[in-house]
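The values are calculated or read from the model by the stated rules, or taken from the named source; none is laboratory data. The structure presented is a predicted model; accordingly, all values stated were derived computationally and were not measured. Here the Cβ is made from the backbone with ideal geometry for all residues, glycine too, and neighbour counts use every protein chain on show.
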Amino acid sequence: MMKVYVAPNSMLAHHIKGLLNAAGISATVRGEGLSTTKFDMSTQPAVWVIQNDDAKRAVEIVRDYEQSGDHDTVTDAPAWQCSGCSETIEGQFTVCWRCSVERPSGQ
Ligand SMILES: [Zn+2]
């Protein structure tokens, strides 16, 4: 299990999960319904992939989706820098889309 994406709302989280499922990636949504404040990443709905090997492809699919239209996928999460390749990753992603290194905890 690997968390790949934090969604601003559970509707979008489920939509992303559906996209991944359609691409043959087993994914699940966790953390929904617990949100008290949108600034608390731990209580926002997040999309997880069952197989860690699918994480990189999953992030690519979400990026393609975000770039394909005017979707409201913006979160208040700050961008972070990958420890593997130094790429700057948008805050809603919890895995590097280049090298699939996980976001460091505490960032
Ligand atoms: Zn990286």
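Among the residues of segment 73-85, those identified as at pLDDT 85 or above and either within 7 Å of the ligand (Cβ to nearest atom) or surrounded by 13 or more Cβ atoms within 10 Å (Cβ to Cβ) (or both) are Trp80, Gln81, Cys82, Ser83, Gly84, Cys85. Looking at Gly69, is it surrounded by fewer than 13 Cβ atoms within 10 Å (Cβ to Cβ) and either in a strand (DSSP E or B) or at pLDDT 90 or above (or both)? Judged against the criteria, Gly69 is not a match. Ala55 passes every criterion in (1) among the small types (Gly, Ala, Ser); (2) modelled with pLDDT under 80; (3) crowded, with 19+ Cβ neighbours inside 10 Å apart from (2). Search segment 86-96 for residues being assigned to a loop (DSSP other than H, G, I, E, B) and either more than 19 Å from Lys17 (Cβ to Cβ) or at pLDDT 90 or above (or both), and hand back the single one that is nearest to the ligand (Cβ to nearest atom). Filtering first and then ranking leaves Cys96.
Out of Val62, Val29, report the one residue that is away from the ligand (no atom under 16 Å from the Cβ), of a type outside the set (D, E, K, R) and at pLDDT 90 or above.
Of the residues listed, the single one that is away from the ligand (no atom under 16 Å from the Cβ), of a type outside the set (D, E, K, R) and at pLDDT 90 or above is Val29.
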